[in-house]
Amino acid sequence: MLDGDRPHCVFTGDTLFLGEVGRPDLAVKSGEITKEDLAGWLYDSLRNRLMTLPEDCIVFPGHGAGSPCGKKIADGTYCTIGN
Ligand SMILES: [Fe+2]
């Protein structure tokens, strides 16, 4: 979401959590999408999209601590790109 033309917050789904990134091994479809495909897309999303946002842009992840979608998701419901 934008505040004027500046990114204010981002909903990161299963790509970026608090202190953790998504797991490219969870959505593998045999013969269609490999974990290497997913790891490449994850890297592209993190490096070329999310890491280009301002450090104070608020991150709202799709899951919190305890979800199997990330191995060590930190407690909390939001943080910033800089954190
Ligand atoms: Fe998930």
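The values are calculated or read from the model by the stated rules, or taken from the named source; none is laboratory data. Values in this document were obtained by computation on a predicted structure and should not be read as measured data. Using ideal geometry, Cβ is built from the backbone for each residue, glycine included, and neighbour counts are taken over all protein chains shown. Note: areas computed on protein heavy atoms with side chains; ligands, DNA, RNA excluded. Shrake-Rupley method; radii C 1.70, N 1.55, O 1.52, S 1.80 Å.
Tabulate in residue order the Karplus-calculated ³J(HN,Hα) for region 41-52, using 6.51 cos²θ - 1.76 cosθ + 1.60 with θ = phi - 60°, rounded to whole Hz; enter x for Gly and Pro.
Calculated HN-Hα couplings, in order: 5, 4, 4, 4, 4, 5, 6, 9, 10, 5, 6, 8 Hz.
Roughly speaking, to the nearest percent, how much of the chain's 1.4 Å accessible area is carbon and sulfur?
Carbon with sulfur: 53 percent of the solvent-accessible area.
What fraction of the DSSP beta bridges in the chain is antiparallel, stated in percent and rounded to the nearest 5?
65 percent
Using the Cα atoms of region 20-83, I'd like the radius of gyration and the largest Cα-Cα distance, Dmax, both in angstrom.
13.1, 40
Nothing charged except the Cβ atoms of Lys and Arg (+1) and of Asp and Glu (-1): what's the magnitude of the dipole of the chain about its Cα centre? Round to the nearest 20 debye.
On the way: 8 positive and 12 negative charges, 39 e Å.
Using only the charged Cβ atoms, the result is roughly 180 debye.
Hey, rough spin-label estimate for LYS71 and TRP41, points 7 angstrom out along Cα→Cβ, what's it come to in nanometres?
Each label point is offset 7 Å from its Cα along the Cβ direction, giving 2.2 nm.
Rounded to the nearest 0.05, what FRET efficiency do GLU55 and ASP25 give with R0 = 35 Å and r taken as the Cβ-Cβ distance? Could you check?
Details: r = 29 Å, r/R0 = 0.84.
Rounded to the nearest 0.05, the efficiency is 0.75.
Taking 0.36 nm per intervening residue step and subtracting the Cα-Cα distance, what contour gain separates THR34 from ARG6 on full extension?
Gain in length upon complete extension: 6.6 nm.
So with the 1.4 Å probe, I'd like the accessible area per residue for the chain, rounded to whole Å².
69 Å²
Pop out the ³J(HN,Hα) list for region 60-74 in order, Karplus 6.51 cos²θ - 1.76 cosθ + 1.60 with θ = phi - 60°, rounded to Hz; leave Gly and Pro as x.
Residue by residue, region 60-74 yields 10, x, x, 9, x, 3, x, 6, x, 6, x, 6, 9, 5, 6 Hz.
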